[in-house]
Amino acid sequence: MTTRSYERVERTVATINDVLNVINVLTWDARVHMPAAGAGARAEQLATLTTIAKGHLTNPALAADVARAQTELGADATLVQRRTLAAVREAVSHHERIPDDLTERLARAKGTAQQAWVEARRDDDFGTFAPHLARMLDLKREVASYTAPDRPVYDALLHEYEPGMTASALRTLFERLKATLGPLVAAIAETGAPRAEVLRQQFDVSRQRAFALGIAERFGYDLRRGRLDEAPHPFEISFSTNDVRITTRYDPAFLGQSVFATWHEAGHGIYEQYADPAYARSALSSDLIGLYAVSGTSYGTHESQSRLWENLVGRSRAFWDVHYGELVYAFPGQLQDVDVETFYRAINTVTPSPIRVEADEVTYHLHVILRFELEVALLDGSLGVDDLPGAWDEAMQATLGLRPRNDREGVLQDIHWSAGLVGAFPTYTIGTVMASQFFAAALRNAPGIQSDLARGEYSSLLGWLREHVYRHARLHGADELLRNATGSDLDPSAFLEYVTNKYGALYDV
Ligand code: ZN
């Protein structure tokens, strides 16, 4: 059943969702096509639309309708209705607490901090970015003081990306990861030189594109409802389940770049494309706290799907046993002397490097843990912004045994903090852990998947993920979705077993 007030809630949320999807269109355009000179006006346009969305959300009529609908529906409320009302209620209370002038100050600070970051990174000059970072941290602390005054600042921020997760739970998770990954990286380092030379040749960019996209389609990324463009920082964004865009970047001298970035973003895209269309324009396809139109239920869950297709499938031996011949054929004269074993080793090279986005499956998480520890220290005041570059370099030395040559490849490498994404890095590792859990559950529950993968047949894996993950959109929170699909809470065992087996065999350690 439904009631008038519930229908009014649905209509308001549909309006908000439309605005948020328009924001996505403008964001996609800004990152793919817009001339740089358009940035100032675009930032104003996006801020205006965000204010409009927030205005609909904090209109007292909406809160009144939510309360009325709750009473009217009572125990008859369906799961969708309950989840919708709870999501709207939580978002209303979140946004009501934040004073309008703080929302505006934060929006403006993001614009100027990102510009300052671009220039500081270009000039390798942390000093010009430092005041912007300090200001951003102050603003984020201020937001947290309104939205969750009774919780630690880090938990309040983390909640916006990964509801329910806390810094203390992360610490436990990260300790377990470090205990295995640290010694594994050290053991691999002793085995000698990296083996990625075969990937470093001139590879025709249009052929890179055709190969990568062809595979993404076979994974399940539907090009009738999507498209692939080029962007300096690859990303996925959707305007509805029927229009889910992905981007990649090409390095003509390195094959590893575009291929894995395309599959990564296709994994994000597949998640969005297979959300239940019944949830279109609803609270189940809108992050009403982050004011972002998305069907995936948390940052970590989203990342679990990009990593599953990119790494667990795309970097597996079974995958390349099937598809390596196609790759050799796509680049005549370049790979025919390289056997599949050599190629498989090349794409799974483990080398400590200063740059997170270029890191392999093993060292990657040490980059995330380092950022988490520094973020916590910055937010609780035990680390000052001026001391950050030194702390960064020392942490790099301690965890990965190397020192960045400069701040460009050190503390200035990521856009996140300048964009206001403080507390978001851990979701990359959470996603990786979840990916292994989903993948293991799929193989356990549907034994045919393994042999299908060995034949290059992806529909059974896609089908399992559609059934247990994608179609639900935001109906369940990440914890509940994971438990329903795998029978467990977040647990790094499957991931640790995967990396230990795979890289133990690859490096004989
Ligand atoms: Zn991703």
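Quick note: the coordinates plus some simple rules give every number you see, no bench work behind them. Being a predicted model, the structure only gives us computed values, none of them experimental. Positions of Cβ are generated from backbone atoms using ideal geometry, with glycine treated the same way; all protein chains shown enter the neighbour counts.
Of note:
- Largest to smallest principal axis extent of the C-alpha atoms in the stretch 1-44, angstrom: 50, 17, 6
- Angle between the chain longest axis and helix 79-97 axis [Cα atoms, degrees, rounded to 10]: 80 degrees
- For the stretch 314-420, size of Cβ-based charge dipole, Lys and Arg +1, Asp and Glu -1, in debye: 160 debye
- For the chain, with +1 on Lys and Arg beta carbons and -1 on Asp and Glu, the positive-most of A156, L496, Y507 along the dipole: A156
- In loop segments of the stretch 399-475 as defined by DSSP, there are no GluC sites (Glu not before Pro) with at most 10 further C-beta atoms inside 10 Å of their C-beta.
- Kirkwood-type radius of the stretch 165-306, with distances r between different C-alpha atoms, in Å: 17.4 Å
- Values of log10 I(q)/I(0), in the order q = 0.06, 0.07 Å⁻¹, for the chain under a Debye, Cα-only, solvent-free model: -0.28, -0.38
- Summary of the geometry: the stretch 45-85 and the stretch 201-237, compared by the centres of their Cα atoms, lie 38 Å apart.
- Alpha-carbon centroids, the stretch 288-364 and the stretch 366-401: separation in whole Å: 28 Å
- Loop-located GluC sites (Glu not before Pro) in the stretch 132-211 (DSSP state other than H, G, I, E, B) with a sparse environment of at most 14 neighbouring Cβ atoms within 10 Å: E190.
- Full-extension gain in nm, R403 to A39, via 0.36 nm per residue minus C-alpha separation: 127.6 nm
- Charge dipole (the chain, unit charges on Cβ, about Cα centre) - positive-most of S258, V244, S5: S5
- Spatially proximal lysines relative to K54 (Cα-Cα < 28 Å; intrachain offsets below 8 disregarded): K110, K140
- Which of A144, L57, G38, positive extreme of dipole for the stretch 4-150 (C-beta unit charges): L57
- To the nearest ten degrees, helix 100-123 and the longest principal axis of the Cα atoms of the chain are 20 degrees apart.
- For the chain, calculated [θ]222 nm from helices alone, where every DSSP H run of n ≥ 4 adds -39500 (n - 2.57): -20500 deg cm²/dmol
- Modelled FRET efficiency - R0 35 Å, T500 with E197, Cβ distances, 0.05 increments: 0.85
- Relative to the longest principal axis of the Cα atoms of the chain, the long axis of helix 205-219 lies at roughly 60 degrees.
- With contacts taken as Cα pairs under 8 Å and at least 6 residues apart, the stretch 4-150 reaches a relative contact order of 24 percent.
- Here is the result for the stretch 62-137: no trypsin sites (Lys or Arg not before Pro) lie in DSSP coil with at most 16 other C-beta atoms within 10 angstrom of their C-beta.
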